[in-house]
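Novice: Next up is a structure, given as structure tokens.
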Amino acid sequence: VCVVGGGGSGLAAAIAAVQAGASVIVLEKCGITGGSTNVSEGALNAVDPERQEPQGIEDSIPTFYETTMKGGHNTNNPELVHFLTDNALDSVHWLESLGVEFKDEIGSATGSLGQRSHYPATPSGNTYIRSFQQFIDDNADAIMLLNNMQAKELILDDAGAVVGVKALYDGEQEVTVNCGAVVIATGGFGGNVEYRQKVNTGVWKEVVLDDSIGCTNIKPCAQGEGMVLAENAGAELICLSDIQLHPCGTPGTGLMEDIRTSGRNRIFVNTDGKRFVNEGAERDVLCKNIFAQPDGTYWIVVNTLRYPDPDEPDANGATINNMLALGHIVAGDTVEALAGEMGVDAANLQASIDAYNAVVEGGTDEFGFVADNTADAAMTEGPWYACRKVPTVHHTMGGIRVNVESEACNADGEPIPGLYAAGECTGGIHGENRLGGNAIADCMTFGRNAGTNAAKYALA
Ligand SMILES: Cc1cc2nc3c(=O)[nH]c(=O)nc-3n(C[C@H](O)[C@H](O)[C@H](O)COP(=O)(O)OP(=O)(O)OC[C@H]3O[C@@H](n4cnc5c(N)ncnc54)[C@H](O)[C@@H]3O)c2cc1C
């Protein structure tokens, strides 16, 4: 089996294919392995009573399914969503079997619409890539990962079955891989500015997604190349206009840095110090409301609840003192002092915090924020911290049409023999708006599925 793309879904597919008895070669375009998965927060949604119940979190697979469909405006492919929500916990257990440790505490990624996000015990999605790399090192007789190897074309036999890949090593040396099946796992196209704007006819059609909007992805990885390879082999590309913007962009770069919007106990205020949205809303709702604020920007405000120790690394490995030293955030011992650093009206900021706290204490607010009594507490004590944010291109939900076997399909829904696809390069799972934490669940669940089925096909 040849896997194109060495990110989360590609490596999950590669390892599952090895476990199903195949020998595997992974082609990775970049000099570093891991793609977007490597730099992600690593939040993985799954219904997991063993972890959720001790925290008092009520959840179920039907709730996970319905929430995913609601978040996607009911435009998701129901069969794929059922497969995802039914099998995400198996992915958690499979990752654990490869050495990934998850925190016991379940959290909520930005726009997850619920408390079911699993976080690795060591910072970020790099945890997954390190465990995968360990498997590759330990199974060198069965799996080979080649960096700086860019797939350029799929090889088809006379019957239209995919039987190999043509690639370019280091930009110049032509390489041919002959194989029994190919898994495309090349990630999204968020870093391809021209292409993303060309297909931007959906949720964000009023916004020009040119260079004035940043991107959270590693741009050379996220060019959508695998989609073109699959299309040239006969696969259909679907839902391309379903592009996700994320509210956690750093002004100027769009990278996702510093204080994150994920988690609880944070408020969003505009440059007047006023709240303007339910912080727990879907990402498209959040970003639309941010664009409506002065300068299309806002501040995330947190306090000691989020960062009790300024030297304790957060889920992404950064400490408050790191962020302060870099000048990326402002701080104050009191709300008034913080407001001074932010340059916002102190009375407005205090009123915003009070309104949020009132919901946590059982009230309601004008934005429909719903407190989660398993995680939210009143924000009352300093030190306080704030960080400026803007919307940024984050995820592309459209891509290669796949069925529930992870086979790439043509416009009639018929599988292309020998061609499988998984992860952000596929379309239809997330609908018009993906839930936070569902991409990693998708990559691991459908990556495993693609690898297992590709191995079965190749070995048959
Ligand atoms: C900063 C950030 C934070 C995120 N946080 C979360 C989170 O907490 N939870 C969540 O669910 N989602 C999160 N996401 C989204 C999620 O990480 C991605 O959707 C997911 O990791 C994509 O995985 P993938 O395997 O499909 O693609 P990737 O991980 O991007 O891997 C694709 C790989 O294919 C390679 N490639 C591309 N073209 C070729 C080619 N022609 N030949 C060979 N190789 C090629 C790329 O170089 C890349 O390494 C985050 C994303 C970012 C950027």
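Novice: Is there a residue in the range 265-286 that is small (Gly, Ala, Ser), touching a strand residue (DSSP E or B) at 6+ places or on another chain (Cβ under 7 Å) and at pLDDT 95 or above?
Specialist: No; the residues of the range 265-286 include none that is small (Gly, Ala, Ser), touching a strand residue (DSSP E or B) at 6+ places or on another chain (Cβ under 7 Å) and at pLDDT 95 or above.
Novice: Going by the structure shown, is GLN244 over 20 Å from VAL285 (Cα atoms), within 12 Å of the ligand (Cβ to nearest atom) and within 20 Å of the chain's Cα centre (by Cα)?
Specialist: no
Novice: ARG260 - would you say it is within 21 Å of ASP376 (Cα to Cα), assigned by TED's automatic domain parsing to the domain that holds GLU366 and within 13 Å of the ligand (Cβ to nearest atom)?
Specialist: Answer is yes for this residue.
Novice: If you don't mind, there's one more thing I want to ask. On the given criteria, is THR271 part of a loop (DSSP other than H, G, I, E, B), more than 16 Å from the ligand (Cβ to nearest atom) and open to solvent by 20 Å² or more (accessible area, probe 1.4 Å)?
Specialist: yes
Novice: Please tell me if ALA235 is over 23 Å from GLY114 (Cα atoms), within 13 Å of the ligand (Cβ to nearest atom) and in contact (Cβ under 8 Å) with a residue 12 or more places away in the chain.
Specialist: no
Novice: Next up: Considering every residue within the range 13-33, establish whether at least one is within 15 Å of the ligand (Cβ to nearest atom), open to solvent by less than 40 Å² (accessible area, probe 1.4 Å) and within 16 Å of the chain's Cα centre (by Cα).
Specialist: no
Novice: OK, next. Looking at the range 52-62, can you tell me whether even one residue there is among the small types (Gly, Ala, Ser) and either surrounded by 15 or more Cβ atoms within 10 Å (Cβ to Cβ) or in contact with a helix residue (DSSP H, G or I) (Cβ under 8 Å, 6 or more places away or on another chain) (or both)?
Specialist: Among the residues of the range 52-62, not one is among the small types (Gly, Ala, Ser) and either surrounded by 15 or more Cβ atoms within 10 Å (Cβ to Cβ) or in contact with a helix residue (DSSP H, G or I) (Cβ under 8 Å, 6 or more places away or on another chain) (or both), which makes the answer no.
Novice: Which one of these does GLU79 not meet: (1) open to solvent by 30 Å² or more (accessible area, probe 1.4 Å); (2) more than 21 Å from SER117 (Cα to Cα); (3) within 13 Å of the ligand (Cβ to nearest atom); (4) in a helix (DSSP H, G or I)?
Specialist: Unmet condition: (3).
Novice: Moving on to the next point. It is to be established whether one or more residues within the range 215-227 are more than 9 Å from the ligand (Cβ to nearest atom), at pLDDT 95 or above and in contact with an Asp or Glu (Cβ under 6 Å, 6 or more places away or on another chain).
Specialist: no
Novice: Considering only residues that are in a helix (DSSP H, G or I) and without any contact (Cβ under 8 Å) to a residue 24 or more places away in the chain, look in the range 83-110 and name the one that is farthest from ASP48 (Cα to Cα).
Specialist: SER97
Novice: Okay, moving on. Which residues, counting only those in the range 45-73, are free of Cβ contacts under 8 Å to residues at least 60 places away in the same chain and part of a loop (DSSP other than H, G, I, E, B)?
Specialist: Of everything in the range 45-73, those that are free of Cβ contacts under 8 Å to residues at least 60 places away in the same chain and part of a loop (DSSP other than H, G, I, E, B) turn out to be GLU58, ASP59, SER60.
Novice: OK, next. Taking the range 111-165 as the search range and keeping residues that are assigned to a helix (DSSP H, G or I) and in contact with a strand residue (DSSP E or B) (Cβ under 6 Å, 6 or more places away or on another chain), which one is nearest to the ligand (Cβ to nearest atom)?
Specialist: My answer is ILE129.
Novice: If you don't mind, there's one more thing I want to ask. Would you point out which residue out of THR122, THR110 is of a type in the set (Ser, Thr, Tyr), over 21 Å from ASP59 (Cβ atoms) and either surrounded by fewer than 22 Cβ atoms within 10 Å (Cβ to Cβ) or touching a Pro at 6+ places or on another chain (Cβ under 7 Å) (or both)?
Specialist: Criteria check complete, one pass: THR122.
Novice: Kindly provide the set of residues from the range 291-319 that are among the aromatic types (Phe, Trp, Tyr) and assigned to a loop (DSSP other than H, G, I, E, B), ordered by number.
Specialist: Once the filter is applied, which keeps residues that are among the aromatic types (Phe, Trp, Tyr) and assigned to a loop (DSSP other than H, G, I, E, B), the range 291-319 yields only TYR307.
Novice: A further question follows. Can you tell which of VAL175, VAL182, VAL163 is at pLDDT 95 or above and open to solvent by less than 20 Å² (accessible area, probe 1.4 Å)?
Specialist: One residue alone meets the criteria, VAL182.
A quick yes/no check of all residues on (1) touching a residue at least 24 places away in the same chain (Cβ under 8 Å); (2) touching a Leu at 6+ places or on another chain (Cβ under 8 Å); (3) over 22 Å from SER9 (Cβ atoms):
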{"position": "SER124", "(1), (2), (3)": "yes, no, no"}
{"position": "ALA142", "(1), (2), (3)": "yes, no, no"}
{"position": "ALA167", "(1), (2), (3)": "yes, yes, no"}
{"position": "ASN178", "(1), (2), (3)": "no, no, yes"}
{"position": "GLY190", "(1), (2), (3)": "yes, no, no"}
{"position": "VAL193", "(1), (2), (3)": "no, yes, yes"}
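Novice: Tally up the residues in the range 430-454 that are open to solvent by less than 10 Å² (accessible area, probe 1.4 Å) and within 17 Å of GLY5 (Cβ to Cβ), please.
Specialist: 8
Novice: Moving on. Among the residues of the range 34-51, which ones are near the ligand (Cβ under 9 Å from one of its atoms) and open to solvent by 20 Å² or more (accessible area, probe 1.4 Å)?
Specialist: Within the range 34-51, SER36, ASN38, VAL39, SER40, GLU41 qualify.
The values are calculated or read from the model by the stated rules, or taken from the named source; none is laboratory data. Predicted model, so just to flag it, every value in this text is computed and none were measured. Every residue, glycine as well, gets a Cβ built from its backbone with ideal geometry; the counts of neighbours run over all protein chains shown. Ligands, DNA and RNA are excluded from the accessible area calculation, which covers all protein heavy atoms including side chains. Shrake-Rupley method; radii C 1.70, N 1.55, O 1.52, S 1.80 Å.
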